[in-house]
Every structure is written in structure tokens, then in C-alpha cells.
1. Any chance the stretch 83-91 includes a residue that's surrounded by fewer than 22 Cβ atoms within 10 Å (Cβ to Cβ), assigned to a helix (DSSP H, G or I) and of a type in the set (Gly, Ala, Ser)?
2. State the number of residues belonging to the stretch 108-141 that are within 14 Å of the ligand (Cβ to nearest atom), of a type outside the set (A, V, I, L, M) and more than 16 Å from the chain's Cα centre (by Cα).
3. May I ask you to verify whether SER75 is under 17 Å from ILE212 (Cα atoms), hydroxyl-bearing (Ser, Thr, Tyr) and either more than 14 Å from the ligand (Cβ to nearest atom) or buried (at least 23 other Cβ atoms within 10 Å of the Cβ) (or both)?
4. Pick from the stretch 160-173 the residues that are within 16 Å of the ligand (Cβ to nearest atom) and not hydroxyl-bearing (Ser, Thr, Tyr): which of them is farthest from GLY111 (Cα to Cα)?
5. Looking only at the stretch 18-69, count every residue that is more than 8 Å from the ligand (Cβ to nearest atom) and assigned to a helix (DSSP H, G or I) and tell me the total.
6. Where in the stretch 176-257 are the helices (runs of 4 or more DSSP H), entirely inside, with at least 1 residues that are of a type in the set (A, V, I, L, M, F, W, C) and under 18 Å from the mean Cα position of the chain (by Cα)?
7. State all residues of the stretch 124-148 that are crowded, with 22+ Cβ neighbours inside 10 Å and in a helix (DSSP H, G or I); if no residue qualifies, say none.
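Since every read-out is calculated from the coordinates, none of them should be taken as a lab result. Keep in mind it's a predicted model, so treat the numbers as computed, not measured. Every residue, glycine among them, receives a Cβ derived from its backbone with ideal geometry; neighbour counts consider all protein chains shown.
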Amino acid sequence: MTFENLLISTEDGLATITIDRPKKLNALNKATIEELHQAFKNLEMDDSIRVIVLTGSGEKAFVAGADISEFAHFSEEEGERLAAKGQELLFDLVENFSKPVIAAVNGFALGGGLELAMCCHFRVASDNARMGLPETSLGVIPGYGGTQRLPQLVGKGRAMELIMTAGMIDSGKALDHGLVNHVVAQENLLPLCKKIAGKIMNNSPIAIGKAIKAVNAGFAEGEDGYAQEVKAFGECFSTDDFKEGTTAFLEKRKASF
Ligand code: COA
């Protein structure tokens with residue numbers, strides 16, 4: 001399937017989705033959100049894909065936010081629908097995706113762009129990356145989960161300051177705050193993501209999917225993360241991956257999942 005606003009490449013179990021609107025700094029318009037939804041749905045069904053890397057086209061931006069030109073004239077109801085639909089179609093879908101999704105933050109990640117990076121399972125940034133939630137400078141608040149995920153990742157006080165000042169932090173500060181896991185030169189960004197993906201692919205995809213669910217349960221309203229962990233831990237015992245993983249260990253060989 002081809003997309004107007006995305007480039008998708010696959011190699012050795014890794015799918016790379018590149019948001020491709022460089023002239024608009026990869027801003028998330030409605031069509032791009034819908035295409036991302038479809039792309040993730042396709043990759044979920046594709047058993048040959050084990051890890052997804054999400055990045056932006058060009059050297060300047062990951063995603064510079066939701067497309068301001070599309071919502072500047074929205075009413076209150078339309079604004080609420082925009083946030084609800086986007087969260088359902090994309091941000092919640094990615095956060096709860098059963099395969100690991102790594103954000104390769106290759107430049108500006110602002111507003112909806114940072115929110116997109118934050119719903120990925122973890123983030124790697126290039127040293128030119130700049131991150132922030134500038135929404136209050138536009139008279140609005142983050143609407144794609146930013147008020148929830150930023151405090152989870154960096155702590156409440158830092159999130160409050162970033163949101164209130166509408167400021168940007170550089171990759172060094174993002175690393176210091178735990179917002180990104182690694183910072184590398186831009187040319188090393190995708191190679192590092194590929195290397196991490198390779199390490200992930202040595203492990204059981206079933207166990208990884210269950211671990212994602214258990215970790216997320218700890219942050220979800222009304223869910224008991226510990227109970228989810230116990231249930232998922234038990235479920236692992238009836239999987240072929242568990243048999244293979246434990247047998248391989250006892251036979252002193254590398255497991256093949
Ligand atoms: N929505 C729509 N268009 C956007 C956009 C967004 N979020 N971010 C950038 N663009 C567009 C610009 O309008 C411009 O289009 P044009 O060439 O047709 O005028 C193009 O992308 C390049 O951006 P420009 O502002 O010229 O680049 P810059 O290097 O001077 O500044 C930024 C880069 C990221 C600082 C600046 O683009 C910016 O502040 N963007 C908005 C960030 C934001 O508020 N995001 C949150 C939205 S909720």
C-alpha cells in the first residue's frame with residue numbers, strides 16, 4: 001500500500017515509517033494521522049515485522065506539531081472532536097501497540113510531534129533535536145495526550161514548566177530529563193535504532209507484547225498494573241516462546257523466536 005504523506009521501508013523484521021511532509025516540517029494534518037493509523041494497522045497484521053521505527057523526513061524536523069492551518073478556525077466542539085479522534089486513531093493505538101515502536105526524533109518535535117514521540121515506547125534523538133509543547137502560545141493546550149504523558153516521563157514540575165512557558169529543550173536536556181534514552185549525531189540515529197531493534201528481536205515477541213501491556217496498565221486509569229503483570233506472567237507459560245526460551249537456556253544455546 002502506498003501513502004501520500006508517509007514512506008515505509010522494511011528490512012529484516014524492522015519497519016521504518018517516515019512522515020514525509022518536509023515542506024511543512026512534517027506537521028500532522030488529518031490525512032497524515034489517518035495514514036499513520038492505517039500503516040500501523042497493516043504492520044500489526046504483518047507477522048514478518050517485529051519492531052517499528054517512526055521518524056520524520058529531512059534533517060530539520062521529526063514533526064513540528066499538529067497542522068495549525070487545519071484547526072485555526074475550529075469551534076469548541078470541533079476542537080474536542082479533533083483531540084478525541086486523534087488520540088483514538090493514532091496516539092492510543094501506538095502506545096498500546098503490541099510490537100515495540102521507537103521514535104527516532106531527528107529534529108523539531110513540537111506539540112503533536114512531541115506527543116507522537118511520547119506515545120512511542122521509547123525515544124532516541126539526534127543531537128539537533130528540539131522538543132517542546134508550544135500549545136499555550138497558541139491559546140490552546142496539548143490535546144494528543146501531552147498533559148498526561150509528559151509528566152509521566154519527566155515529572156510533574158518539569159512538565160508544568162515546559163507547558164506553561166511553551167519553551168523548547170534541546171536533546172541534552174531531554175536526555176537529562178529522561179525524555180529520550182539516547183542522543184547521537186543525526187547520521188547515527190537510524191543505525192542506532194536499528195541496532196536496538198536487533199537486540200529486541202533476539203527476544204520473545206509474545207513476551208514483549210505482554211510486557212508492553214503490563215507496563216502501560218500501571219499508567220492507565222482504573223487498571224491494576226500488578227494484577228495485569230501476574231495475569232500476563234502466567235499466560236507466558238503456555239506459549240511456545242516460553243518453551244523455546246527456557247529449553248534453549250537449559251540446552252546452552254541461543255533461543256530462536
Ligand atoms: N502546522 C502547520 N504548518 C507548519 C507547522 C505546523 N505545526 N510547523 C511548521 N509549519 C510550516 C510553516 O508554516 C512553513 O510553511 P510555509 O513555508 O508554507 O510558510 C513551513 O512549515 C516551514 O516552517 P517555518 O516556520 O518557516 O520554519 P522555521 O525554521 O522558521 O521555524 C519552527 C521552525 C518549528 C520553530 C516553526 O515552524 C514553528 O514554530 N512551528 C509551529 C510549532 C508549533 O507551534 N507546534 C504546535 C502546534 S499545536
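1. Checking the stretch 83-91: at least one residue is surrounded by fewer than 22 Cβ atoms within 10 Å (Cβ to Cβ), assigned to a helix (DSSP H, G or I) and of a type in the set (Gly, Ala, Ser).
2. The qualifying residues number 7.
3. Criteria not met by SER75.
4. ASP170
5. So the answer is 17.
6. So the answer is 186-201, 205-217.
7. GLU135, GLY146
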